[in-house]
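FYI, it's all coordinate maths here, none of it is from the lab. These numbers come from a predicted model, not from an experiment. Using ideal geometry, Cβ is built from the backbone for each residue, glycine included, and neighbour counts are taken over all protein chains shown.
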Amino acid sequence: MIRNPFCDLQPMKAEPARPVSRREFLHLLAATGGAGAVVKASAALGLLPASAEASTLQLAPGNGRSALILGGGLSGLTVAHELAKTGWDCTILEASQRCGGRIFTVRHGTLIDELGNRQVCDFDDAPHLYFNAGAARIPSTHRTLLNYCKELEVELEIFVNENKSCWVQDDAMLGGRPVRNAEYTTHMRGFLAELMAKAMTETDMDEPFTDSEAETLLGMIRSFGNLDEEHVYRGSFRAGHASGGYLDDGVQKDIIALRDLLKTRLGMGLLRASEGETGPILLQARGGMDRIVDGFLRQIGDRVRYRAMVASIDVRDDGVEVACDHDGSRRQFRADYCFNCIPTHLVTGLDHNFPADYVEALGYVRRGAAYKAAFQARERFWEQQDIYGGITWMTNPSRQIWYPIAGIHQRKGVILGAYDYINGMHHTSMTQQQRVEAHLADGEKVHPGYRELVERPVTVAWHRMNHMLGCSARWPRDSGGWSQAEQARYRLLQAPLNGRHYMIGDQISMHSAWMESALLSAHWALNDLDLRLRNSPA
Amino acid sequence: MPITCPFRRLFRICLLAAAASLAGSAMAAPGERLDDRYCTTCHGADGRGNEAVQAPKLAGMASWYLRLQLENYRAGIRGAHPGDIEGLAMQPMAAGLTDESIEDILDWIGGWKVIPATPTISGDVAAGAALYRTCATCHGAAAEGSEALGAPALAGQNDWYMVTQLENFLAGARGAHPEDIRGAQMRTMTAVLGGEQDIRDVVAYINSLTARMVE
């Protein structure tokens with residue numbers, strides 16, 4: 001049921017109705033071209049999960065039961081932490097040298113264990129010189145994650161996502177000259193508002209708006225686009241001042257022609273910034289997102305075995321046996337229950353006794369290919385351009401530049417030089433040298449002299465990261481969303497195998513790539529097991 | 001003996017070293033492992049093969065064949081053609097390997113438990129048997145392989161991998177590099193395969209040989 005957005009407008013009676021129905025109005029808007037993107041954006045918004053209370057657990061005492069946790073990603077850490085609290089005997093087997101999975105902060109000395117491209121970060125050794133190569137943003141609606149940050153005393157700070165002072169660059173627009181986000185979006189909104197106002201005023205209406213409603217709506221449209229009394233957009237100070245404004249008269253920047261703005265498709269993303277998942281205030285862990293991992297490890301760090309690579313999983317009626325390779329030898333572990341956050345596409349490569357439909361479901365999930373790169377900047381040149389945090393958008397393959405909040409006004413900073421969450425294979429398939437050159441060339445288009453301003457590149461191609469080979473799980477094969485068969489596979493993997501083996505992680509959710517999903521997946525498994533244990537006599 | 005050009009290899013190693021220094025990265029961090037035993041991340045526990053990441057079974061592959069392929073990958077003889085999607089992913093893994101690393105990896109793989117692959121593909125086994133007569137010349141009647149003829153064992157291998165490789169040979173995505181002598185031979189032989197159905201049939205027949213091997 002779609003809530004009627006007009007139902008709060010009172011009074012509805014007595015006033016003469018003007019002759020355009022809402023439907024016709026929206027139709028007209030769509031016909032003028034301005035609303036296509038808006039409709040799409042609202043469809044995208046539909047994907048945003050409902051804001052919920054934080055998920056909390058009330059688990060029964062463990063009474064010495066044991067659990068093996070395969071993988072030290074966020075969901076695995078959460079299970080270990082929660083079970084340890086209630087007296088379970090837990091062991092985490094982590095294949096790599098670190099916990100956190102795709103919560104990965106790169107700083108001085110960090111090993112980036114990409115297959116075929118091992119890197120060691122040589123940023124200067126300073127607290128603010130770090131790069132969140134995986135998880136980087138916590139929406140304020142992700143209550144469960146925020147709860148853990150509070151419980152584990154992880155200090156948080158605001159993350160700046162949308163910043164109108166950042167740049168927009170497209171080779172096809174204005175000869176490739178970058179413009180400020182504020183310029184682009186202000187002008188585009190002005191032109192869109194003109195279209196909307198025309199649709200409002202030039203159309204006969206056969207039903208619904210009252211004069212008062214129409215006046216309110218028109219007022220919003222004018223305000224949205226900063227139109228003048230004649231409903232014409234004549235530029236706006238919102239796009240920035242060309243000069244003056246404080247001690248001298250302010251001079252408006254020239255309007256960029258609509259035709260020029262339409263040379264780029266970046267507007268579709270720019271106009272829905274701060275919507276959906278990035279609509280709430282965003283936060284980050286101060287000093288790097290892996291502070292969250294550290295928080296968990298302060299509680300359960302002694303239960304982690306590093307460089308313990310699982311080789312086989314044998315799910316039995318009375319427990320789970322796991323073999324893993326550690327220090328050159330194969331060791332057997334046994335526990336009553338097993339929680340597995342190893343990526344599905346790697347589980348299929350293990351020796352196991354899973355039934356065929358379970359294996360088929362594991363193999364069905366495709367792996368994402370997100371890619372990020374970062375540089376250390378010799379100086380914080382963006383601050384000279386009024387930029388403190390936020391994202392520059394480009395149409396070139398590097399796509400984004402992120403400016404750090406950490407270390408404001410220090411000499412150096414670490415900037416994200418590329419983030420491709422859709423087609424990361426473009427850079428992944430390059431050599432390190434080619435990747436870096438590509439990002440330098442792309443960045444140069446926004447920041448002249450970039451090549452000399454940045455140094456010490458690191459790249460993180462998740463598709464090739466050791467023990468992960470992907471970011472993040474891609475379930476639906478059709479852009480229209482999840483099919484019933486896909487949902488059935490997902491529910492099959494979510495349910496415990498033989499009551500003993502739980503697949504967990506953001507991969508076992510309908511909203512992969514977010515930490516909150518990993519936590520909720522872990523909580524689902526823990527609650528399910530808790531219920532089973534409470535209901536079973538043994 | 002595999003055919004490789006020592007100068008080419010030296011050149012590549014220098015290039016890699018230059019790339020690494022430009023990228024500002026040392027090759028190892030203190031306290032981190034230095035070996036190149038990465039295979040099982042993709043190829044699965046004991047190199048059993050993992051279809052989800054299209055990485056074939058390594059356990060049971062003969063050392064001479066693995067060595068030749070690693071050297072071919074390292075030299076860009078294999079895994080450089082844009083049509084060879086999986087080979088392109090493998091090539092960078094081998095690009096930085098030293099001869100010592102390759103021998104170390106082969107030693108490691110030699111110690112793995114060999115489990116014949118589970119069939120995933122069906123076809124007309126009788127038709128496949130007829131087609132396989134050509135293959136048997138080099139790969140052997142039981143698909144056991146022959147080092148002398150440079151033909152790897154096929155029985156026990158992942159069928160989906162064999163399909164991909166046959167498709168690649170047919171399309172010229174594998175075996176077309178001028179220095180890939182064995183690959184060129186194989187390309188000539190794949191000419192007997194008329195298309196997708198023939199590939200499935202011959203692989204189905206090889207699966208039946210795998211089943212016999214298990215017995």
Quiz item: From the residues B:Gly83, B:Pro152, B:Thr120, which one has its Cα farthest along the dipole of the stretch B:28-154 in the positive direction, the dipole being from +1 and -1 charges on Cβ of Lys/Arg and Asp/Glu about the Cα centre?
Solution: B:Thr120
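Quick one: A:Leu497, A:Leu83, A:Leu174, fewest Cβ neighbours within 10 Å first, how do they rank? Could you put the intermediate results ahead of the total?
Values: A:Leu497 20, A:Leu83 25, A:Leu174 17.
Placing the least packed residue first, the sequence is A:Leu174, A:Leu497, A:Leu83.
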Quiz item: Once the stretch B:69-121 is represented by equal point scatterers at the alpha-carbon sites, with solvent omitted, what log10 I(q)/I(0) does the Debye formula produce at q = 0.26 Å⁻¹?
Solution: -0.93
Self-check item: Between the stretch A:114-183 and the stretch B:74-139, the Cα center-to-center distance that results, in Å
Solution: 41
Exercise. Report, to two decimal places, the Cα Rg of the stretch A:342-476 normalised by 2.2 N^0.38 Å (N = number of residues).
Key: 1.29
Quiz item: Each label point is 7 Å from the Cα along the Cα-to-Cβ direction; what then is the distance between the points at A:Val359 and B:Thr188, in nm?
Solution: 3.9
Quiz item: Of A:Lys164/A:Lys253; A:Lys85/A:Lys150; A:Lys164/A:Lys412, which pairs sit farther than 18 Å apart, going by alpha carbon to alpha carbon?
Solution: A:Lys164/A:Lys412
Exercise. List the equivalent ellipsoid semi-axes of the stretch A:153-247 in whole Å, largest first, each obtained as the square root of 5λ for an eigenvalue λ of the Cα gyration tensor.
Key: 32, 20, 15
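Over the stretch B:125-214, what relative contact order in percent results from Cα pairs under 8 Å that are six or more residues apart? Working shown, then result.
Values: 109 pairs, mean separation 35.0, N = 90.
So the answer I get is 39 percent.
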Quiz prompt | Overall dimensions of the stretch A:238-347 by Cα: Rg and Dmax, Å | solution = 27.8, 81
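Per DSSP H run of at least 4 residues, take -39500 (n - 2.57); add these up for the protein assembly as shown, divide by its residues and hand me the 222 nm value, nearest 500 deg cm²/dmol.
On the way: 25 runs with 277 residues, N = 753.
So the helix-based figure for the protein assembly as shown works out to -11000 deg cm²/dmol.
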Quiz prompt | the stretch A:120-131 - phi-based ³J(HN,Hα) in whole Hz, Karplus 6.51/-1.76/1.60, Gly and Pro as x | solution = 10, 5, 10, 4, 4, 8, 8, x, 8, 9, 9, 9
Quiz prompt | Ranked list, fewest to most other Cβ atoms within 10 Å of each Cβ, for A:Met188, A:Met515 | solution = A:Met188, A:Met515
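In debye, nearest 20, what is the charge dipole magnitude of the stretch A:208-331 about its Cα centre with +1 on Lys and Arg Cβ and -1 on Asp and Glu Cβ, if you could check? Walk me through the intermediate numbers first.
Working: 17 positive and 21 negative charges, 143 e Å.
Dipole size: approximately 680 debye.
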Quiz prompt | Share of alpha-carbon pairs per 10 Å distance bin for the protein assembly as shown, given as whole % | solution = 2, 12, 20, 22, 19, 13, 8, 3, 1, 0
Self-check item: Additional length obtainable on full extension of the chain from A:Gln487 to A:His241, 0.36 nm per residue less Cα span
Solution: 83.3 nm
Quiz prompt | Farthest toward positive dipole pole in the stretch A:202-272 [+1 Lys/Arg, -1 Asp/Glu at C-beta], among A:Asn226, A:Leu270, A:Gln252 | solution = A:Leu270
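Based on Cβ point charges of +1 for Lys and Arg and -1 for Asp and Glu, what charge dipole magnitude is obtained for the protein assembly as shown about its Cα centre, in debye rounded to the nearest 20? Before the final figure, lay out each step's value.
On the way: 75 positive and 89 negative charges, 136 e Å.
Charge dipole, the protein assembly as shown, about its Cα centre: 660 debye, nearest 20.
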Quiz item: Considering only A:Val446, A:Gly481, A:Asn340, whose Cα is most displaced toward the positive end of the charge dipole of chain A, charges sitting on Cβ of Lys, Arg (+1) and Asp, Glu (-1)?
Solution: A:Asn340
Practice problem: May I ask for the angle, rounded to the nearest 10°, between helix A:74-85 and the longest principal axis of chain A, with both axes built from Cα atoms and the value confined to 0 to 90°? | Solution: 50
Practice problem: For A:Asp351 and A:Asp125, calculate 0.36 nm times their separation in residues minus their Cα-Cα distance, and state this gained length in nm to one decimal. | Solution: 77.2 nm
Quiz item: Taking N as the number of residues in the stretch B:125-214, what is its Cα Rg relative to 2.2 N^0.38 Å?
Solution: 1.00
Exercise. Give the angle, between 0 and 90 degrees and rounded to the nearest 10, that separates the Cα long axis of helix A:181-201 from the longest principal axis of the Cα atoms of chain A.
Key: 60
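Fewest to most neighbouring Cβ within 10 Å: what's the order for A:Glu94, B:Glu215, A:Glu486, A:Glu151? The partial results should precede the final answer.
On the way: A:Glu94 26, B:Glu215 4, A:Glu486 18, A:Glu151 12.
Ordered by Cβ neighbours within 10 Å, fewest first: B:Glu215, A:Glu151, A:Glu486, A:Glu94.
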Quiz item: Using a simple charge model, +1 on the beta-carbon of Lys and Arg, -1 on the beta-carbon of Asp and Glu, nothing else, what dipole does the stretch A:422-493 show about its Cα centre, in debye to the nearest 20?
Solution: 360
